[in-house]
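The values are calculated or read from the model by the stated rules, or taken from the named source; none is laboratory data. Bear in mind the structure is a predicted one, so any value in this text is a computation, not a measurement. All Cβ positions, glycine included, derive from the backbone under ideal geometry; neighbour counts span all protein chains shown.
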Amino acid sequence: MNEAIRPGPESPLQAATAPQLSVVVPTFNERDNVTTLYRRLETALTGIAWEVVFVDDNSPDGTWEVVRGLARQDSRVRCIRRIGRRGLSGACIEGILASSAPCAAVIDADLQHDETQLPKMLALLQTDKIDLVVGSRYIEGGSADSFNKQRAGASQLATEVAKRALRVEIADPMSGFFMIRRDRFEQLAPQLSTQGFKILLDLVATARGELRVQEIPYSFSSRLHGESKLDSMVALDFLGLVLAKLTHDVVSLRFLLFAMVGSIGVFVHFATLYIVLKGFDQPFAVAQGCGALLAMTSNFVLNNFLTYRDQRLKGFAILRGLLLFYLVCGVGLAANVGVAFSVYAQEPIWWLAGASGALMGVVWNYAMSGLFVWRKR
Ligand code: GDD
Ligand code: MN
């Protein structure tokens with residue numbers, strides 16, 4: 001059933017307290033931009049009952065303090081300050097779910113998106129014929145001139161991959177500027193990934209053609225203050241999302257990365273074993289011990305850098321994490337050997353026993369690392 005999203009015949013008081021539109025703004029180090037955005041929203045949304053939710057990942061520059069200041073003067077402004085978490089998609093999801101208007105928009109804080117399009121987007125949703133309006137750079141009238149060559153190429157490539165692999169049919173699935181009906185969003189929310197940047201692509205891919213989408217053109221302008229948080233690692237996030245959607249969430253990028261790091265660890269182990277044994281003329285037990293220790297340490301560093309980059313341990317927590325990781329891997333090794341032995345006892349096929357043990361080890365290490373070492377705070 002469609003909920004009515006047009007403003008009903010409420011009393012003026014009701015209309016003033018019940019927003020038609022929730023604007024969600026993810027922020028990370030946008031201290032100098034949020035006030036300008038707020039003012040521009042105020043101008044652009046005159047005559048519309050709106051609210052804005054800033055979702056800030058505890059920005060070091062204190063963006064959330066500035067937002068709190070705005071919120072103290074205008075009750076339409078709210079601030080969610082998230083501690084110990086990072087991620088654009090997760091922030092947007094949380095912001096939309098923390099608001100209640102029948103329509104929700106996501107817009108960047110850095111004024112690169114065009115807030116003057118919001119009333120048009122809202123009007124489209126209120127026709128009840130559209131579920132999702134996308135601000136698009138790649139249709140007639142839109143542009144992304146502020147992109148440098150490299151960024152433009154990457155964006156285009158990702159768009160092509162998304163269209164082919166996930167059969168997404170919109171022109172700009174990488175856009176970070178859109179507005180969606182709340183009822184549709186709430187249906188899809190449980191299946192969305194909180195990792196990464198690509199919330200719109202995730203929404204459209206997850207809906208598998210069920211959303212009635214309309215794109216409207218806008219020009220992606222340059223950033224006013226501060227810098228982009230997109231780095232080369234977002235390519236990984238993107239691949240992860242494509243993979244997860246292609247396999248109906250069976251394969252997670254995190255697990256694949258963890259396993260990949262594990263195989264690098266095997267290499268490190270053997271190299272160390274060889275060097276200590278041959279180069280330093282040490283007994284096998286010593287060489288094997290060095291190999292294991294070095295492999296676990298390099299696995300930890302790589303996982304902290306890649307696999308869990310959104311929850312990266314820093315400072316003293318690194319040491320604690322490393323010791324826990326040793327512990328987890330130690331038990332994982334015991335499980336590995338135990339399983340291999342029992343498989344071998346049943347069926348003396350060496351590679352089957354070995355593979356079963358290794359699988360047991362990696363699954364154990366992955367599960368326990370997620371629970372104890374890089375646990376969500
Ligand atoms: N809460 C939170 N957490 N916000 C974040 C994070 C994060 O980890 N990373 C970025 N943001 C916020 C920024 O503060 C900004 O308001 C918005 O998300 C977009 O981030 P930018 O760093 O400015 O990204 P961009 O301009 O390079 O990319 C934008 O345009 C792309 C279009 O090509 C984003 O909208 C992308 O989603 C979009 O694909
Ligand atoms: Mn930006």
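Looking at (1) away from ligand 1 (no atom under 14 Å from the Cβ); (2) surrounded by fewer than 19 Cβ atoms within 10 Å (Cβ to Cβ), can you tell me which one Asn148 breaks?
The number of the failed condition is (1).
How many residues are buried (at least 19 other Cβ atoms within 10 Å of the Cβ) and farther than 14 Å from Trp50 by Cβ when one looks only at region 97-110?
Within region 97-110, residues that are buried (at least 19 other Cβ atoms within 10 Å of the Cβ) and farther than 14 Å from Trp50 by Cβ number 3.
Here is a list of conditions, (1) surrounded by 16 or more Cβ atoms within 10 Å (Cβ to Cβ); (2) within 16 Å of ligand 2 (Cβ to nearest atom), and Thr36 meets all of them except one; can you say which number that is?
So the condition that Thr36 fails would be (1).
Kindly check whether there is at least one residue in region 243-261 that is within 30 Å of Ala123 (Cα to Cα) and not β-branched (Val, Ile, Thr).
Checking region 243-261: not a single residue is within 30 Å of Ala123 (Cα to Cα) and not β-branched (Val, Ile, Thr).
Only one of these conditions is not met by Leu241: (1) under 21 Å from Val23 (Cα atoms); (2) touching an Asp or Glu at 6+ places or on another chain (Cβ under 7 Å); (3) not in a loop (DSSP other than H, G, I, E, B). Which number is it?
For Leu241, the failing item is (1).
Test Ile264 against the criterion of being in contact with a Leu (Cβ under 7 Å, 6 or more places away or on another chain) and free of Cβ contacts under 8 Å to residues at least 40 places away in the same chain, and give yes or no.
For Ile264, the condition - in contact with a Leu (Cβ under 7 Å, 6 or more places away or on another chain) and free of Cβ contacts under 8 Å to residues at least 40 places away in the same chain - is met.
Could you look through region 221-237, keep only residues that are among the aliphatic types (A, V, I, L, M) and near ligand 1 (Cβ under 9 Å from one of its atoms), and pick out the one that is nearest to Phe177 (Cα to Cα)?
Taking the candidates together, the pick is Leu230.
Under the condition of being hydrophobic (A, V, I, L, M, F, W, C) and within 16 Å of ligand 2 (Cβ to nearest atom), which residue from region 158-194 is modelled with the lowest pLDDT?
Restricting to residues being hydrophobic (A, V, I, L, M, F, W, C) and within 16 Å of ligand 2 (Cβ to nearest atom), the top hit is Ala158.
Failed condition for Gln311, given (1) among the polar types (S, T, N, Q); (2) at pLDDT 90 or above; (3) under 30 Å from Phe28 (Cα atoms), with all others met?
Result: Gln311 passes all but (2).
Go through Leu323, Leu306, Leu313 for me and flag whichever is assigned to a helix (DSSP H, G or I), aliphatic (A, V, I, L, M) and in contact (Cβ under 8 Å) with a residue 40 or more places away in the chain.
Only one candidate qualifies: Leu306.
With respect to the numbered conditions (1) within 13 Å of ligand 1 (Cβ to nearest atom); (2) in contact with a helix residue (DSSP H, G or I) (Cβ under 7 Å, 6 or more places away or on another chain), which one is the sole condition not fulfilled by His113?
Among (1) within 13 Å of ligand 1 (Cβ to nearest atom); (2) in contact with a helix residue (DSSP H, G or I) (Cβ under 7 Å, 6 or more places away or on another chain), the lone unmet condition for His113 is (2).
Does region 128-157 hold any residues that are modelled with pLDDT under 90, more than 16 Å from ligand 2 (Cβ to nearest atom) and basic (Lys, Arg), and which are they?
The one that is modelled with pLDDT under 90, more than 16 Å from ligand 2 (Cβ to nearest atom) and basic (Lys, Arg): Lys149.
Among residues belonging to region 125-142 that are charged (D, E, K, R) and under 26 Å from the mean Cα position of the chain (by Cα), point out the one that is farthest from Val213 (Cα to Cα).
Ranking the qualifying residues of region 125-142, first place goes to Arg137.
Out of Arg68, Arg81, report the one residue that is among the charged types (D, E, K, R), more than 8 Å from ligand 1 (Cβ to nearest atom), under 19 Å from the mean Cα position of the chain (by Cα) and surrounded by fewer than 18 Cβ atoms within 10 Å (Cβ to Cβ).
Matching residue, one of Arg68, Arg81: Arg81.
Of the residues that make up region 156-166, is at least one within 21 Å of Val24 (Cα to Cα) and in contact (Cβ under 8 Å) with a residue 12 or more places away in the chain?
Within region 156-166 (the criterion being within 21 Å of Val24 (Cα to Cα) and in contact (Cβ under 8 Å) with a residue 12 or more places away in the chain), the answer is no, since none of the residues qualifies.
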